[in-house]
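The values are calculated or read from the model by the stated rules, or taken from the named source; none is laboratory data. The model shown is predicted, which means the values in this text are computed figures rather than measured ones. In this analysis, Cβ positions are derived from the backbone assuming ideal geometry, glycine residues included, and neighbour counts consider all displayed protein chains. When the accessible area is computed, the model is the full protein with side chains, heavy atoms only, and any ligands, DNA or RNA have been set aside. Shrake-Rupley method; radii C 1.70, N 1.55, O 1.52, S 1.80 Å.
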Amino acid sequence: MSKERDYRVGARDVDRRIDLLTKSRHLGLQEMYVKDRKFTLKKYECDIDVPRYRLQNHRTLTTEQPNFIKEHGLKDNHFSDNESDQAQIDQHTILYNTALTKGKKVGFTSEMSSGQKQPIIIDGNGLIISGNTRTAFWRELYNSDKTKYRKFGKIEFLLYNTQNEKDIRE
């Protein structure tokens, strides 16, 4: 964990973020299927404050972000830059509030005792493709009591090494 990083934001600078992620503890390879396509991805473990949220996350992009923009009087393009620290903080707020909804909290709370059940997926820019809401919840847990929730100081992830938005959407 870096003392200079805001846990809600992730590591600044794409190159630094990728360096931190790929120099993390390598855990082998894992197969996954997306729309009947098989991928074999490298699995790592990193500090929870390294990856950034992908602001183009479909779930928040279509409803939560526009509502947040309207409620807070922000510019329409507020969530357009993944490198914006303020947009990352605001995305964290949206995701954490989503995690607190009854169904999600129950699922995430079960992982509090057993640990992470499946890795998050991170792209070649160090952005979370899948697992944004879980990461926000775990970041809050870990930062609320680093001793009690020390297992959430590190997260497992699969690296889908692409920087192409089209590849991610497909």
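Restricting attention to the stretch 98-133, the residues that are outside any loop (DSSP other than H, G, I, E, B) and at pLDDT below 90 add up to 15.
Across the stretch 1-42, the qualifying residues are those that are among the acidic types (Asp, Glu) and either within 23 Å of PHE152 (Cα to Cα) or assigned to a loop (DSSP other than H, G, I, E, B) (or both), and the one among them that is farthest from the chain's Cα centre (by Cα) is ASP36. Is it the case that LYS146 is modelled with pLDDT of 85 or more, touching a helix residue (DSSP H, G or I) at 6+ places or on another chain (Cβ under 8 Å) and over 24 Å from LEU20 (Cα atoms)? It is false that LYS146 is modelled with pLDDT of 85 or more, touching a helix residue (DSSP H, G or I) at 6+ places or on another chain (Cβ under 8 Å) and over 24 Å from LEU20 (Cα atoms).
Only one entry of LEU61, LEU95 meets the criterion of being open to solvent by 70 Å² or more (accessible area, probe 1.4 Å), touching a Phe, Trp or Tyr at 6+ places or on another chain (Cβ under 8 Å) and not in a strand (DSSP E or B), and that entry is LEU61.
The set of residues from the stretch 11-29 being loosely packed, with under 12 Cβ neighbours inside 10 Å and of a type in the set (Lys, Arg) comprises LYS23, ARG25.
Here LYS75 does not qualify as over 24 Å from SER144 (Cβ atoms) and outside any loop (DSSP other than H, G, I, E, B). When the residues of the stretch 68-92 are filtered to those that are open to solvent by 60 Å² or more (accessible area, probe 1.4 Å) and farther than 21 Å from ILE129 by Cβ, the one that is nearest to the chain's Cα centre (by Cα) is GLN86.
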